[in-house]
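Structure record follows, encoded as C-alpha cells.
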Amino acid sequence: MNIDWTDLFLSSTGRLARGPFLLAIGLLIGATAIYEAVVGPTLHWLTGWFIYPGLLFCGACVLSKRLHDRGRSGWWAALILIAFVAAWPYPTRFFDFLFCLVLLWSVIELGVMPGEQGANRFGPNPLKTQIA
C-alpha cells in the first residue's frame, strides 16, 4: 500500500479506501489525544489556536475522500466533525447522545461498509487503481 501522505491529509478530492482511511483517522485521533495529554493548560491555550484548525482541516480532507468513496458528498464531513468535537473526549450532556448517534453512523458508514464498486462521480475505485 503506497500512501501519498500529503494528498491524504491536505486534499479533499478523490476517493479513499477503508484501510488508509482507518489508518489516517487513527493517526489524527491519536495525535489529538497525545497533544491534549502532553501540553499543559497555558501552552494548550497558546498553541491550540493553530493545532486544532490544522487537525480539523486534515480530518475534513480524510473524511471527505472516504465519503466520496461511499458515493456521498464531502460536506457530510462537517456534521461528523461537529459531532466529534461536541462529544470529545467523552459525552456528558443530554444532546451528546445525538452526537454519539452521528458518530456511530459514521463508524458504520465509513469504517465498516465497502466503497462503491467501479467509478463514481468522484473518481475511480481506489482499490482498482492500487492493483493496477
Could you check how many residues of the stretch 27-45 are in a helix (DSSP H, G or I), surrounded by 12 or more Cβ atoms within 10 Å (Cβ to Cβ) and either touching a Gly at 6+ places or on another chain (Cβ under 6 Å) or not small (G, A, S) (or both)?
7
Read through the list (1) in a loop (DSSP other than H, G, I, E, B); (2) over 25 Å from I34 (Cβ atoms), then give the number of the only condition that I108 fails.
(1)
Those residues of the stretch 1-23 which are in a loop (DSSP other than H, G, I, E, B) and polar (S, T, N, Q), in sequence order:
N2, S11, S12, T13
The stretch 12-24 - residue that is within 11 Å of the chain's Cα centre (by Cα) and open to solvent by 40 Å² or more (accessible area, probe 1.4 Å) and, of those, nearest to G115 (Cα to Cα)
L22
Name the residue, out of G71, G115, G123, G59, that is touching a strand residue (DSSP E or B) at 6+ places or on another chain (Cβ under 8 Å) and open to solvent by less than 40 Å² (accessible area, probe 1.4 Å).
G71
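The values are calculated or read from the model by the stated rules, or taken from the named source; none is laboratory data. Treat the numbers as computed from the prediction; the structure is a model and nothing was measured. With ideal geometry, Cβ positions are generated from the backbone for all residues, glycine too; neighbour counts draw on all protein chains shown. Just so you know, the surface numbers come from the protein's heavy atoms only, side chains and all, with ligands and any DNA or RNA stripped out. Shrake-Rupley method; radii C 1.70, N 1.55, O 1.52, S 1.80 Å.
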